[in-house]
Amino acid sequence: MRTAEQNTSEKMAAGPAARKQRLGVYLHIPFCVRKCAYCDFLSAPASRETREQYVEALKEEIRRAGELGERYRIETVFFGGGTPSLLEGRQTAEILETLSQVMLFAGDTEITVECNPGTLTEEKLGAYRAAGVNRLSIGLQSADNRELLLLGRIHTFEEFLENYELARKKGFRNLNVDLMSALPGQTREGWLRTLEKVTDLEPEHISAYSLIIEEGTPFYDRYREGAPGFRELPDEDTDRRMYEDTKRYLGERGYERYEISNYAKPGYACRHNLSYWERVDYKGFGTGAASLLEGVRYKNSTDLAAYLKKEFTYESVFPLSRKDELEETMFLGLRKMEGVVLTELMRNIYGDTLDRLTREGVLACGGGRIFLTDRGIDVSNYVLSEFLLDEEI
Ligand code: SF4
């Protein structure tokens, strides 16, 4: 089979990719080994046959979107889920191959696969490399096996280590590790131990979120019942200190915080996520996947049975007004530490709000940009909600 890289370089040589617009591609793989206790994502276990059928449907959906290739070149690809690493290496390669048949890849396209420890093998990683995958995002969450058990994760820290080292051995030089703080029974010392064990491995990128207990998850039910181990959530003060610890500790270890919950070694910020926050157009494939194309937001249907029959429908299509676009620019752009370029339109529409938030010390200006201050990041929900507009503009 030809690789995405081969097709990419030939098409780059043959076509003026640089003249096309940038596009991110998101591929939703809604399957997991089993459901984690805290998870409310669109994902569930599925048989090998269902997974195979899904891949076939995904390839068909990509082919039918072929006209996008006339306007766009692919800058980033992100396999998210679910657990995309549950697919066979061959299936991942086939999806990339199909994409490369209908759209140009930029020469340096970032191609990420989300992986769960315990689902990676040497053969699969080899297939990823051959297909052009150059970034792995590994969902570890904690280096403490008690916490992993509580979360209902399928793996231990030791299994993560094996997969991590295998990925390095196979030549992956851009690895993210997902972590989660504020877990039941977790202390500041415990969280710092997780940070220490992970940073000792020197991944290029770390995402660190606090646990959110979502209604409708087994975790929520057990928390409400007061089941042993589930009740003792860190109090607000400890949660806050963990958040401070994360920022300080990762800074000391050479990680630059570039978004509220994302840290990277210089040059390794996730380009795919940055493109969301910068409102670059993206096309999502798969059940429930979202897209933003030329000022319209789309959401694919979440109906798996229909999807397997190759019936591709949208659950919603939402053309954005100028007001929506401006609000999104603020909500999404201000999540980045560098903030957004301050435009004349923003000054006109948000003049009073900008002055007030600056006086409150939660927003700052500099170099023609506005950005959240440290205090602003702490109360980001409040600051971002101040950019909601009452009327169309
Ligand atoms: S692996 Fe991820 S998507 Fe799957 S159940 Fe766990 S948290 Fe949810």
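Positive-end ranking of Gln91, Leu151, Leu104 along the dipole of region 4-277, with charges on Cβ about the Cα centre, is headed by Leu104.
Pick out, from Ser385, Gly368, Thr353, the residue whose Cα sits farthest towards the positive end of the charge dipole of region 322-393, with +1 on the Cβ of Lys and Arg and -1 on the Cβ of Asp and Glu. Selected residue: Gly368. Region 319-393 and region 231-288 have their alpha-carbon centroids 19 Å apart. Converting phi to 3J(HN,Hα) with the Karplus coefficients 6.51, -1.76 and 1.60 and the offset θ = phi - 60°, region 220-226 yields 4, 4, 5, 5, 5, 6, x Hz in sequence order, with x at every glycine or proline.
Provide Trp191, Trp277 in ascending order of the number of other Cβ atoms located within 10 Å of each residue's Cβ, fewest first. Intermediate values should be presented prior to the final figure.
Numbers: Trp191 29, Trp277 20.
Listing Trp191, Trp277 from fewest to most nearby Cβ atoms yields Trp277, Trp191.
First check a/c for region 92-157, with a ≥ b ≥ c the square roots of the eigenvalues of its C-alpha gyration tensor; if it is under 1.5, answer rounded, and if not, answer prolate when a/b is larger than b/c or oblate otherwise. List each step's numbers first, then the result.
Working: a/c = 3.21, a/b = 2.62, b/c = 1.23.
It comes out prolate by the Cα gyration axes.
Give the residues of region 49-69 whose amide nitrogen is closer than 20 Å to a point set 7 Å from the Cα of Asp303 in the direction of its Cβ. Those under the cut-off are 50-51, 53-62, 64-65.
The calculated FRET efficiency for the pair Glu122 and Arg193, based on their C-beta separation and a Förster distance of 30 Å, comes to about 0.55.
Above 31 Å lies some portion of the pair distances; for the chain, what is it as a whole percent of all C-alpha pairs? That tail contains 42 percent of the Cα-Cα pairs.
Given +1 at the Cβ of Lys and Arg, -1 at the Cβ of Asp and Glu and no other charges, the dipole of region 101-198 around its Cα centre is 120 debye to the nearest 20. Here is the tail figure for region 139-219: Cα pairs spaced more than 14 Å apart come to 63 percent of all pairs.
By how many nm would the segment from Lys323 to Glu67 grow when fully extended, if each residue of separation counts as 0.36 nm and the alpha-carbon distance is taken off?
Numbers: separation 256, 0.36 × 256 = 92.16 nm, distance 2.89 nm.
Contour length minus Cα-Cα distance gives 89.3 nm.
I want to verify the translational diffusion coefficient of region 49-206 in µm²/s; compute it with Stokes-Einstein, Rh as the Kirkwood radius over Cα pairs, at 25 °C and 0.890 mPa s. Rounded to a whole number, D works out at 146 µm²/s. Label point of Asp237 set 7 angstrom out along Cα-Cβ; within region 359-393, no amide nitrogen lies under 19 Å from it.
Summarising the label geometry, the points placed 7 Å from Cα in the beta-carbon direction at Arg248 and Leu388 lie 3.5 nm from one another.
In which sequence would Phe41, Phe78 go, from the one with the fewest C-beta neighbours within 10 Å to the one with the most?
On the way: Phe41 15, Phe78 25.
Ordered by Cβ neighbours within 10 Å, fewest first: Phe41, Phe78.
If you average the C-alpha positions of region 106-132 and of region 20-43 separately, how far apart do those two centres end up, in angstrom? Using only Cα atoms to place each centre, the spacing works out to 15 Å. Listed by Cβ neighbour count within 10 Å, with the fewest neighbours leading, Ser275, Ser316 appear as Ser316, Ser275. In a simple Cβ point-charge model (Lys, Arg +1; Asp, Glu -1; nothing else charged), the chain has a dipole of about 1020 debye relative to its Cα centre. Only helices enter this figure: runs of n ≥ 4 DSSP H residues, each worth -39500 (n - 2.57), summed and divided by the residues of the chain, yield -12000 deg cm²/dmol at 222 nm to the nearest 500. Is region 215-369 best put as rounded, prolate or oblate by its Cα gyration tensor, with a ≥ b ≥ c the root eigenvalues, rounded for a/c under 1.5, and otherwise prolate when a/b is larger than b/c, oblate when not? Oblate.
Any read-out appearing in this document is the output of simple, stated calculations on the displayed coordinates, not a laboratory observation. The structure presented is a predicted model; accordingly, all values stated were derived computationally and were not measured. Every residue, glycine among them, receives a Cβ derived from its backbone with ideal geometry; neighbour counts consider all protein chains shown.
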